[in-house]
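Visitor: I'd like to ask some things about the structure below.
We did not get these values from a lab; they are worked out from the coordinates using the rules stated. This structure is a prediction, so every number in the text was calculated from the model and none was measured. Heads up, the Cβs are rebuilt from the backbone with ideal geometry, glycines too, and the neighbour counts pull from every protein chain shown.
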Amino acid sequence: MRFHRISACLLVGIVPLASHPVLAQSAAPQSAPDLVIKNATVMTASHGTLEHGAVWVHAGKIAAVAAQGASTGAPSSALVVDATGKWLTPGIVDPHSHSALSSDVNEATSPVTPSMMMIDAFDNRDKALYLALAGGVTTELLLHGSANMIGGQAVVIKNKFGLSRDAMLFPNAPRSIKFASGENPKRVYGSRNQLPSTRMGNFEVMRQSFENAKSYMAGWDAYNAKVAKGDKTATAPKVDLKLEALADVLRGKLYVQIHCYRADEFLTEEAIAHEYGYKIRAFHHALEMYKVAGQIAPENTAIATFSDWWGYKDEAWDAIPWNAVMSMRKGVRVALKSDSNDHIRRLNSEAGKMVRYGGATEDEAIRMVTLNPAWIIGVDDRVGSIDVGKDADLVVWNVDPLSTYARAEKVYIDGDLFFDSSAAGFGTPHFTGVMHDGGGFGSDDETAEDGD
């Protein structure tokens with residue numbers, strides 16, 4: 001594996017460098033050598049766990065997955081990593097992050113801002129990305145905040161910390177847009193004597209927005225029909241970026257991700273989606289899903305939820321740590337997410353809690369932070385499990401990743417090594433202060449003005 005030292009100036013405030021330099025790539029890899037990780041406990045997330053398994057990586061893709069004693073077919077020139085006594089998982093996928101968006105997570109000047117682009121706020125130098133990488137997180141959906149009833153469009157990244165901004169974008173990932181209902185938008189705009197100030201107002205704003213989008217689409221359809229008939233006097237409607245984005249929702253070109261807590265609101269959101277003909281990809285937070293999971297499961301709407309957050313706002317009083325597994329048993333696709341620069345470093349431990357709260361199997365738990373969130377983002381055909389043909393986004397753990405004591409030792413993205421704990425000095429006293437850095441850790445979600 002070829003990798004280069006990050007400039008020390010990028011690492012101020014991250015980890016002392018005197019005796020433990022952090023290693024990562026500073027340029028896109030070229031013709032990386034084949035790699036074989038052998039003798040690991042391989043948690044595939046799609047077809048069970050293989051004891052003493054091996055994975056062959058070729059040209060950034062998983063070329064073979066072999067059980068104990070079977071050959072991967074890798075060339076003798078391949079770099080071999082002996083993972084005896086260690087665990088191998090897919091890279092962790094966070095379907096709800098605000099990392100590297102600084103204070104620009106909300107455009108709270110209007111309840112409807114679908115033309116906002118989170119790529120325009122993405123700071124690829126943010127140390128939160130490096131800390132997430134150190135926790136095994138290889139893919140993130142960076143979402144707009146929840147001040148807005150209809151917020152902006154997300155950006156999907158591969159956590160290749162140290163590369164350029166464009167090199168960190170997930171190639172050809174589907175587009176997502178963030179909606180929000182409940183306390184946050186009604187508080188933000190109600191405090192300004194502006195619609196919406198109630199839940200009724202929330203949904204009136206949403207419906208009116210889609211009525212406007214339908215009229216906009218009709219105008220363009222009429223214009224295009226005239227042009228098709230050769231009418232040279234036809235005048236094109238004015239391009240409106242806000243309405244164009246809403247039209248893309250109605251056309252099914254944007255995955256709809258909705259910040260929503262209460263059971264009644266899940267049902268209302270689904271009713272509006274039916275009314276205007278779009279699909280909801282996932283409810284985020286979804287702390288009361290256990291109450292109506294049987295009604296939501298047939299919609300094929302997933303949830304991205306917390307493991308055990310509770311009582312931090314009115315909408316969270318009915319939260320229970322059994323929510324995720326109870327909803328899963330009713331047929332809902334369940335993912336866990338961070339919504340926090342702190343929690344993002346321990347999503348593997350959050351998954352471990354699901355074994356305790358509800359009796360999820362280890363396979364079910366690991367899917368909640370790999371394959372299921374990858375589906376929510378729309379990239380499950382490329383990441384989220386250890387399967388032949390998928391991107392080689394892999395994490396080597398020192399112990400069972402669902403354990404409180406688990407630590408990511410090596411993190412590969414597209415087959416290239418982006419984090420190595422032995423190089424970063426993890427496990428040494430030098431790193432202890434970083435775990436509790438006060439610079440922006442904690443949820444930036446529930447302030448409404450600042451996060452999700």
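Visitor: In the stretch 92-383, if the dipole is taken from +1 on Lys/Arg beta carbons and -1 on Asp/Glu beta carbons about the Cα centre, which of 294, 268, 131 is farthest to the positive end?
Guide: Farthest along the dipole direction, towards plus: 131.
Visitor: Continuing with this model, one more query. Go through the stretch 394-408 residue by residue and turn each phi into a ³J(HN,Hα) via Karplus (6.51, -1.76, 1.60, θ = phi - 60°); whole Hz please, and just put x for glycine and proline.
Guide: Working through the residues one at a time gives 9, 10, 9, 10, 6, 9, 3, x, 7, 7, 4, 8, 5, 9, 5 Hz.
Visitor: As a test, work out the antiparallel percent of DSSP beta bridges whose residues both lie in the stretch 92-383, rounded to the nearest 5.
Guide: 25 percent
Visitor: Looking at 40, 327, 243, which one has the Cα that reaches farthest to the positive end of the dipole of the chain (charges on Cβ: Lys, Arg +1; Asp, Glu -1)?
Guide: Projecting each Cα onto the dipole axis, the largest value belongs to 243.
Visitor: Can you tally the net charge around residue 76? Count Lys and Arg as +1, Asp and Glu as -1, for every other residue whose Cβ sits under 14 Å from the Cβ of residue 76.
Guide: My count for the surroundings of residue 76 gives 0.
Visitor: Relative to 2.2 N^0.38 Å, what does the C-alpha radius of gyration of the stretch 92-383 come to as a ratio? Two decimals please.
Guide: Output field value: 1.02.
Visitor: Here is a follow-up. Tell me the mean residue ellipticity at 222 nm calculated for the chain from its helices only (DSSP H runs of n ≥ 4, each -39500 (n - 2.57), averaged over every residue, nearest 500).
Guide: Only helices count here, giving -7500 deg cm²/dmol.
Visitor: With a sphere of radius 11 Å drawn around the Cβ of residue 181, what net charge do the other residues whose Cβ falls strictly inside it have (Lys, Arg +1; Asp, Glu -1)?
Guide: Counting the neighbours of residue 181, the net charge comes to -2.
Visitor: Where a Cα-Cα gap under 20 Å defines reach, which lysines qualify for residue 186, not counting those fewer than 8 residues away within the same chain?
Guide: Straight-line reach from residue 186, under 20 Å: 178, 313.
Visitor: Arrange the following residues from fewest to most other Cβ atoms within 10 Å of their Cβ: 367, 125, 345.
Guide: If I rank by nearby Cβ atoms, fewest first, I get 125, 345, 367.
Visitor: So how do 96, 52 line up by other beta-carbon neighbours within 10 Å, fewest first?
Guide: In order of increasing Cβ crowding within 10 Å: 52, 96.
Visitor: What does the charge count around residue 363 come to, taking other residues whose C-beta lies under 15 Å from its C-beta (Lys +1, Arg +1, Asp -1, Glu -1)?
Guide: -2
Visitor: When N counts the residues of the stretch 72-113, how does its alpha-carbon radius of gyration compare numerically with 2.2 N^0.38 Å, as a ratio?
Guide: 2.35
Visitor: Just need log10 I(q)/I(0) for the stretch 176-222 at q = 0.18, 0.31, 0.33 Å⁻¹, Debye formula, equal scatterers on the alpha-carbon atoms, no solvent, rounded to two decimals.
Guide: The Cα Debye sum returns log10 ratios of -0.60, -1.03, -1.09.
Visitor: Across the stretch 66-77, in residue order, what do the Karplus-derived ³J(HN,Hα) couplings come to in whole Hz, using 6.51 cos²θ - 1.76 cosθ + 1.60 with θ = phi - 60° and x for Gly and Pro?
Guide: 10, 7, 3, x, 8, 8, 7, x, 5, x, 5, 7
Visitor: Tell me, what does the Kirkwood hydrodynamic radius of the stretch 79-160 come to in angstroms if you use every pair of distinct C-alpha atoms?
Guide: Final number for the Kirkwood radius of the stretch 79-160 is 14.1 Å.
Visitor: Now for a different question. Taking the beta-carbon count within 10 Å as an exposure proxy, list 357, 278 from fewest neighbours to most.
Guide: 357, 278
Visitor: Next up: Using the Cα centre of the chain as the reference point, and only Cβ charges (+1 on K/R, -1 on D/E), how large is the resulting charge dipole? Debye, rounded to the nearest 20.
Guide: Charge dipole, the chain, about its Cα centre: 720 debye, nearest 20.
Visitor: Calculate one ³J(HN,Hα) per residue across the stretch 300-313 by plugging θ = phi - 60° into the Karplus curve 6.51 cos²θ - 1.76 cosθ + 1.60, and present them in order as whole Hz with x for glycine and proline.
Guide: So the J values, rounded to whole Hz, are 6, 9, 7, 10, 10, 10, 7, 6, 8, 6, 7, x, 8, 7.
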